Amino acid sequence: MAVNSQWSGEKTRFLVITAFGLVIGWVIDRLWLGLAITFMLYSGWLLHQAYLVEQWLQKGARRSTAPDTDGIIGHIEQLIFRRKQSDKDRKARLKKIVGWYNRSAAALPDGTVVTDDNYEIVWANDAALAYLGIRGSRDSGQRIDNLVRNPAFQKYVQTNDKEVQEIEIKSPANRNMTLAIRRVAYAENLFLFSARDISQRVQLRETRTAFIANASHELKTPLTVVNGYLEILADNDSLPDVVKEQVLLAEKHAKRMSDIVVDLLTLSRLENRELDTKKMQHLDVATLLQSTVTDLTKTNSTHKFAISADPTLWITGSQTEIQSVCTNLCQNALQHTPEGTNISVSWEKTADGSAQLIIKDDGPGINHQHLIHITERFYRVDNDHSRQSGGTGLGLSIVKHIVQRHHGQMDIHSTLGSGTRFTIRFPAEHVVLRQAHSQPAA
């Protein structure tokens, strides 16, 4: 409405000046000269007003120094001032929001560092100094992996492996502190690193592992003695049938307990000891699989095994651990499927050069809700059947740890009524190809 009013006033002024020019032209008997003079004066007045506004803008466009203008130029001056005031208010609001954000981020208990896409530090909160030794005001512009000189962290930053969501490292600012570091990409080409103190969690985990290892070690000898006496009693033909039945049952459960203790000790070793690279050797996996299946079919002839293994495909690894993978996966297929189930074992090279072990059965399958937990300790899909089959509930946990130690991947796919498929992939750098009548060559 105000714009229309200003234009209306400017039109009136233009008409008045035109009429005045016509009067002057009539007086001097030169109509166009009169119009030219009046329009030149009008244009000069407009230019002067525009000059005053331009000078006002150059000096900061303060309200106190606003020039006294009129007409459409005056209206433009008012619009400029209103827009400037609006921008000023908007900037004040944004500054307030940014202040709130900075105070909130600075108050976070976790160490937080923001970097650009080149991992150069943009901002860091106060906790980052205590956890990572990074001070935002001092270290801005530095690469974060140049300041946190931990090999695991530097690999985490440089490889940008999306499958590795979190890593654990010792704090560079406090060697008694263990940190869980997570990287999150956000906004445009920005990364947020958060470092959380998990020292207590690590201590509890180590205490639990030590307790299990010590308890298992202490139980191993007494159980061996108990098993020995039970075997002697079971071989005694003079025992009544009722007593002998109970002795055999006790022997079965004592043996199962011994197997659990052995598996717990194996898990403890896998969790607490690094893979000894000096003991790594070339392994004929095809022969290991054939030997494993032969031994299992001697004690269980109801399942039908089909093996397809490439004899030229070897890998570098620990023989006892790879043998454990083969045995546990085949036993798992036997123990958790009905009699007469078909089990196929495949060992082959993939298109990308990695080695792949697939063990598939046509059993009842596993419900999807159990698949994410199936490699956890003592997790059982069917408690009654698992106990009757004699499983310890630790086999797949052992397999998972061994595969991770050999930098492999484990994938489990199952459909109810269609069976289960376990796929183990070993990376190409662990693959060894053996030519006929020659030594293995990497």
Handout entry: Under Karplus coefficients 6.51, -1.76 and 1.60, residue-wise ³J(HN,Hα) of the stretch 226-239 in Hz, glycine/proline x
Key = 4, 4, x, 5, 5, 5, 5, 5, 5, 7, 7, 6, 7, 6
Problem - Rotationally averaged projected area of the stretch 108-197 (alpha carbon convex hull; nm²) - result: 5.2 nm²
Exercise for the section: Rank-order 291-297, 202-208 by packing density, defined as the average count of other C-beta atoms within 10 Å over each peptide's residues, highest first. Expected result: 291-297, 202-208
Completion exercise
Tilt, helix 2-27 to longest principal axis of the chain (alpha-carbon atoms), in degrees rounded to tens, equals 30 degrees
Problem - Cα-centred dipole magnitude for the stretch 202-272, charges only on beta-carbon of K, R (+1) and D, E (-1), debye, nearest 20 - result: 360 debye
Problem - Footprinting exposure proxy for 186, 42 (fewest neighbouring C-beta atoms within 10 Å first) - result: 186, 42
Handout entry: the stretch 278-441 - charge dipole about Cα centre, Lys and Arg +1 at Cβ, Asp and Glu -1, debye rounded to 20
Key = 340 debye
Problem - Residue among 48, 407, 253 with the largest mean-square fluctuation in a Gaussian network model of the chain, springs linking Cα atoms under 10 Å - result: 48
Exercise for the section: Report the label-to-label distance for residue 116 and residue 188 in nanometres (one decimal), using points 7 Å from each Cα along the Cα→Cβ vector. Expected result: 1.3 nm
Completion exercise
Most exposed first, judged by fewest Cβ atoms within 10 angstrom, 113, 226, 432 run 226, 432, 113
Problem - Electrostatic dipole magnitude of the stretch 108-197 [Cβ: Lys, Arg +1; Asp, Glu -1; Cα centre; debye, to 20] - result: 340 debye
Problem - When each of 360/400; 155/349; 298/360; 59/91; 252/298 is checked by Cα-Cα distance, pairs over 25 Å - result: 155/349
Exercise for the section: Could you check which residue among 416, 57, 179 shows the biggest mean-square fluctuation in a GNM of the chain with a 10 Å Cα cutoff? Expected result: 57
Practice task
Would you mind checking which residues have amide H under 5 Å from residue 123's amide H? H placed 1.01 Å from N; only 5 or more apart, or other chain.
Solution key: 114
Fill in the blank from the handout: Normalised per residue, the volume inside the convex hull of the alpha-carbon atoms of the chain in Å³ amounts to 298 Å³
Problem - Protection proxy ranking of 23-30, 259-266, 302-309, 423-430 - average other beta-carbon atoms within 10 Å, highest first - result: 259-266, 423-430, 302-309, 23-30
Handout entry: Charge-dipole axis of the chain as Lys and Arg at +1 and Asp and Glu at -1 on Cβ define it, positive-most pick from 202, 38, 327
Key = 38
Exercise for the section: Among 395, 406, 294, flag the residue with its Cα farthest along the positive direction of the charge dipole of the stretch 278-441, charges on Cβ as +1 for Lys/Arg and -1 for Asp/Glu. Expected result: 406
Practice task
Counting only DSSP beta bridges with both residues in the stretch 278-441, tell me the antiparallel percent, nearest 5.
Solution key: 85 percent
Problem - Taking 280, 410 and counting other C-beta atoms within 10 Å, the order from fewest to most - result: 280, 410
Practice task
Sequence neighbours fewer than 8 away in the same chain don't count; with that in mind, list the aspartates and glutamates whose C-alpha is under 16 Å from residue 11.
Solution key: 70
Exercise for the section: Between the alpha-carbon centers of the stretch 319-374 and the stretch 269-288, tell me the distance in whole angstrom. Expected result: 19 Å
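Read-outs: derived from the displayed coordinates by stated rules, not from any lab. All values reported here derive from a predicted model rather than from experimental measurement. We place every Cβ from the backbone using ideal geometry, glycine too, and count neighbours over all the protein chains shown.
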